[in-house]
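A.B. asks: Can you keep this structure in mind? I'll have questions shortly.
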Amino acid sequence: MKRRLALLRCLLSLLLASIALATGAQQVAPATGADRAARFDAVFERVVGPSSMDSSFVDYDANLERLRVLLPPGDKARDVQFRSVYCSSERWKDSAKGLAYATDALARAQAAGDIASQGRAIFCRVDFLSVLKGGKQALEEAGRMVALLQNSEERQLFAEALSLRGSLLSDMGEQAKALLDFQRARASYREAGIEHEIDALMMLTAVAYRRMGDWAQAERYFTHAINRMEEQRDWERVVTYNIQLGYLYDEAGDPNKAEAPLREALAVARSHQDDASIASVQIAMATVLIDQKQFDAAFDLLAQAQSFAQTREDHWNADVLALLSGQALAGTGEHQAALAHYRVAQPLIERDGNERYLATLFRARSASEEALGETTAALADYKRYSDLQSSLQGKMRFQQNRLLEYEYEIRRRDFENRRLRAEAASRLQQVKALQSIRHWQRLALLLGALLVALLVWLALRQWRKSGTLRALAMTDSLTGIASRRAIEAGLDHELGLAAASGQPLSILMLDLDHFKTINDHHGHAAGDRVLHAATAIWKQQLREYDRLGRIGGEEFLILCPDTSREQAQVAATRLLDATRAHALADIDPALTLTVSIGIAQFEPGDTREALLARADAALYRAKDRGRNRVES
């Protein structure tokens, strides 16, 4: 399967019933009567309880074998429990048969009224549905599991359900919702008494940040996870995390840097003779080779991965293999063969609802159609790609903004819950004290008055703190200018005014050139000083009603009301010159600061996303044409 199923199976292996029973697994001596049932219960607890979070794959597989041997004949309750975990065994090479087994396990659990076993059986159904029906149906089933466990006492299993649904949401491009599910899962693990971080959940979180374009945050997660897994000698996760790190570097525009983690992953997979992991690395390496235009080498790797896929019955990674094979063939000029592969890939990708893959397919197919002289089809596919890419970029910005809102809301709710719990505890203590005191009625009235006063004070204090939090949320803490949330709110306001009044409105999107190099060579403290200095320079050049805000690490946005594109060009040139003229002697006398600027003017009917997309496209043209320039 594609990257998502690799992550999903990693989570299943860690949290529920893992991969196939290991060859030569330890056999368990038969037991009888109550002793057999007690031993079954002890092993089952190791399979599904908190200790399963840290068990190795080998130990987990051995425990599944022990469960099978220890299952007491005729014990319906324990049979339901066993089936609810055994449905995830890799013995189910035929996904349709596996789905039938999981569905039967679910029906038995429902008849027994066993909520936990129902949840585990649904977990299995999600896995099989994702193979047979695609991500959309799997997501519906995952939502069913979350709803089932929402108010149950199964907090660990509820955390697993949230992690599973978050993974599927991430594949659908809903990164903010996915990260919210991951945060809720983390809290639910804490409620279950699991205080340490869950490695699989951390990896899913990192993947979501990667897909949102927050590569620095994702890289921190992946490198930390790789170090932990190397210390624990968990080689399967070392392979998985190195593959993800390779994809991250490739998507960040540095395919050469992606080679090192992928070579490490391949070496580890080969040393353990894991064909599935080897094939997964080969697909990742082929992706990088295609970006490096090494098409023949990429096609050879894909052929090797295809050989492994043909040994399985679950159409393993059929969509991505077809897409990448088409790209490799197109790179060598075999465009007719490439189109045949794209025809295979498209329905599989559409079934899963993966818009990122679909955009890649449209762009690649358009290039092949153009090379074959099919200009009408090429133009139609390129338009599909352009529309989808614009939608994805807008969605990414929307997800980043939505994530900030979610995180603020979570912090607000946590504070409110802590306050309410503290109040409840205080009231209980007061009632107990009053019961042992004479003249309790008089004291109760007095304490009630004190409590009211305390609540009023807390309300006033909360109101003041809320005002402070709102102010912080609207201001970038490093530079003192408007935050992303504030500048986008300002843009919405200016768009409304421009639409109503007909006055021109222009925006400038700025990106400091080679800022990462400054951080790498001079340290992040120097980088922070550069950001502060740059914003100070720009504020001096702007009018009092122009508004400057920070929307990313080194990316900024300026709102210029009542300003045409030509006037904005003049202002941008002034900013360009002022930036270039600023000396950075306190950091490096030889260091020169430059900026790339993209300009977009509001047009009737424009949404925020459309206007930002044009400015972003102009910015990228400026960077592609050598940086230190203005494009509109």
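The values are calculated or read from the model by the stated rules, or taken from the named source; none is laboratory data. Since the structure is predicted, the reported quantities are computational estimates derived from the model, not experimental observations. No Cβ is skipped: glycine too gets one built from the backbone with ideal geometry, and neighbour counts run over all protein chains shown. Each accessible area value is taken on the protein alone, full model and side chains, heavy atoms only, with ligands, DNA and RNA left out. Shrake-Rupley method; radii C 1.70, N 1.55, O 1.52, S 1.80 Å.
A.B. asks: Give a residue-ordered list of calculated ³J(HN,Hα) values for the range 234-243 (Karplus: 6.51 cos²θ - 1.76 cosθ + 1.60, θ = phi - 60°; whole Hz; x for Gly, Pro).
C.D. replies: 8, 5, 5, 6, 4, 4, 4, 6, 5, 4
A.B. asks: If you average the alpha carbon positions of the range 225-293 and of the range 556-632, how far apart do those two centres end up, in angstrom?
C.D. replies: 37
A.B. asks: Once you have the Cα-Cα distance between LEU132 and THR594, take 0.36 nm times their residue separation minus that, and quote the gain in nm to one decimal.
C.D. replies: Contour length minus Cα-Cα distance gives 161.1 nm.
A.B. asks: Using 26 Å as the Cα-Cα cut-off, could you pick out the over-long pairs in LYS76/LYS136; LYS383/LYS516; LYS293/LYS623; LYS257/LYS623; LYS93/LYS293?
C.D. replies: Values: LYS76/LYS136 34 Å; LYS383/LYS516 33 Å; LYS293/LYS623 22 Å; LYS257/LYS623 21 Å; LYS93/LYS293 36 Å.
In this structure, LYS76/LYS136; LYS383/LYS516; LYS93/LYS293 exceed 26 Å between Cα atoms.
A.B. asks: Here's a follow-up. May I ask you to order 546-556, 114-124, 581-591 by the average number of other C-beta atoms within 10 Å around their residues, highest value first?
C.D. replies: Values: 546-556: 20.2, 114-124: 24.5, 581-591: 12.3.
Going by the mean number of other Cβ atoms within 10 Å, highest first, we get 114-124, 546-556, 581-591.
A.B. asks: If R0 is 30 Å, what FRET efficiency do you get for HIS521 and ASN256 from their C-beta distance, rounded to 0.05?
C.D. replies: 0.95
A.B. asks: Another one. Working with all protein chains in place, sort ASP274, ASP528, ASP296 by solvent-accessible area computed with a 1.4 Å probe, largest first.
C.D. replies: From most accessible down to least: ASP296, ASP528, ASP274.
A.B. asks: Counting Lys and Arg as +1 and Asp and Glu as -1, what is the net charge of the other residues whose Cβ lies under 12 Å from the Cβ of GLY502?
C.D. replies: Here the count lands on -2.
A.B. asks: Cβ under 15 Å from GLN292's Cβ, GLN292 left aside: what net charge do those residues give with Lys, Arg +1 and Asp, Glu -1?
C.D. replies: Every neighbour counted, the sum reads -4.
A.B. asks: Which order do LEU132, LEU508 take by accessible area at a 1.4 Å probe, largest first?
C.D. replies: LEU132, LEU508
A.B. asks: So for the pair GLN336, ALA610, with labels modelled 7 Å out along Cα→Cβ, what separation do we get in nm?
C.D. replies: 4.2
A.B. asks: Further question: Around ARG66, under 15 Å between beta carbons, what's the net of Lys plus Arg minus Asp minus Glu among the other residues? Numbers along the way, then the final one.
C.D. replies: Values: positive: ARG36, ARG39, ARG46, ARG68, ARG78; negative: ASP35, ASP41, GLU45, ASP59, ASP61, GLU65.
Local charge sum for ARG66: -1.
A.B. asks: Now for a separate question. Could you order GLU231, GLU259, GLU369, GLU334 by accessible surface area, starting with the largest, using a probe radius of 1.4 Å?
C.D. replies: So the residues, ranked largest to smallest area, are GLU231, GLU334, GLU259, GLU369.
A.B. asks: Same structure again: Quick one: if the Förster radius is 22 Å, what FRET efficiency do TYR545 and THR573 give, using the C-beta to C-beta distance and rounding to 0.05?
C.D. replies: Taking R0 as 22 Å, the efficiency between TYR545 and THR573 is 0.65.
A.B. asks: Along Cα→Cβ, 7 Å out, is where each label goes; now give me the distance between the ones at ALA585 and ALA297 in nm to one decimal.
C.D. replies: Roughly 4.8 nm, to one decimal.
A.B. asks: Once you have the Cα-Cα distance between LYS76 and GLU423, take 0.36 nm times their residue separation minus that, and quote the gain in nm to one decimal.
C.D. replies: 120.3 nm
A.B. asks: Oh, and also: Quickly work out the SER271-to-TRP457 label distance, labels modelled 7 Å from Cα along the C-beta direction, and quote it in nm with one decimal.
C.D. replies: Simple spin-label model gives 6.2 nm for this pair.
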